[in-house]
Amino acid sequence: MGELRYVHLGFGAEAVEYQEAWQEQRRVHAARFADEVPDTCLLLEHPPVYTAGRRTADSERPLDGTPVVDVDRGGKITWHGPGQLVGYPILKLPRPVDVVAHVRRLEDALIRTAAEFGLETSRVEGRSGVWVLGDPVPERASLGGLSLDLAPGTAPGADPRLTDEEFDPRLNGPEYAPSNAGQRREDRKLAAIGIRVAKGVTMHGFSFNVNPDNTWFDRIVPCGIRDAGVTSLSYELGREITVAEVVPVVERHLRDILEGAEPTPRAIGREPVTELVREPVREGAGDPVRETGPAAAALKASA
């Protein structure tokens, strides 16, 4: 890819309303498609807002009628707000477009950013984004902090979020709240990714939780995922970190990965044994497909 330029739209007191930023994305997207501007990444904070991707179910939205902005990206519902760094990389991809590889590159940049601050993160199979992995399920009950108060008669170890189709975590106490996943030692998402590709040019992008009030996520089912939660860089490291500190680190890693990438379109049909197997992803993922097989392994290794 070519040179990547950054545009800071607004942070803190100058945070940018979501609709305003969305309109700016459209403008830059059209200019990039016409080759009037280089690949561009918009960086900003938003005032508090819920946004819902195309696959969001009604049962995942706020119960209290809080307004939600429906958008044309992949993925499901999420929250944006103060303390969260949002990035919209608007890049021209080669054809045939490889959306999964683009998502993997964004994940790599954010994983490297977290590592530079001293936090180890990872991917979770079938779920896009950057994750802090929790403890194995059998070990969680012995830890302090919040624990799951399972209903009487529930089989030992059975989590109603997974076994009861009518269970709604939004109606229950803090032991089920996404913002308390760290105390429960569950998997928790540090950064979410949801994108759209139109005319070969990307839109939307990532949100990286630096030091937000994560209780905003408790009104929804974040990304449609009921058995995990959310976290932030500051929470995991036990010290206050600001968006201003994270911006230059994210920029450096995005530039290293995106400018250094050679996203050559895949060769198809030469060796059937290495062809990709395209399967539906687990609910809640931002990626459109999961890829398996040797070719997929090679892609992950190089992305």
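The values are calculated or read from the model by the stated rules, or taken from the named source; none is laboratory data. If you're wondering where the values come from, they're calculated on a predicted model, not measured in any experiment. Heads up, the Cβs are rebuilt from the backbone with ideal geometry, glycines too, and the neighbour counts pull from every protein chain shown. With ligands, DNA and RNA removed, areas are computed over all heavy atoms of the protein, side chains included. Shrake-Rupley method; radii C 1.70, N 1.55, O 1.52, S 1.80 Å.
The range 111-137 and the range 187-201 have Cα centres lying 16 Å from one another. Taking each residue as 0.36 nm, the span from L171 to A115 lengthens on full extension beyond its C-alpha to C-alpha distance by 16.6 nm.
3J(HN,Hα) along the range 105-110: 5, 4, 4, 4, 4, 6 Hz, from the Karplus curve 6.51 cos²θ - 1.76 cosθ + 1.60 with θ = phi - 60°, whole Hz, x for Gly and Pro.
Order of 202-215, 20-33, 235-248, 56-69 by packing, highest average Cβ count within 10 Å first?
202-215, 20-33, 235-248, 56-69
Quick one: net charge around Q19, please, counting Lys, Arg +1 and Asp, Glu -1 for every other residue with C-beta under 12 Å from its C-beta. Its environment carries a net charge of -3.
Surface listing: I195, I111 arranged by accessible area from highest to lowest gives I111, I195, probe 1.4 Å. A crude spin-label estimate for the pair E245 and D213, with each label 7 Å from Cα along the Cβ direction, gives 2.1 nm. Taking a ≥ b ≥ c as the square roots of the eigenvalues of the Cα gyration tensor of the range 216-261, is the shape rounded (a/c under 1.5), prolate (a/b larger than b/c) or oblate? Verdict is oblate for the range 216-261. Compared with the direct C-alpha span, the chain from Q23 to R255 gains 81.1 nm at full extension, assuming 0.36 nm per residue. Taking each residue as 0.36 nm, the span from D64 to A30 lengthens on full extension beyond its C-alpha to C-alpha distance by 8.6 nm.
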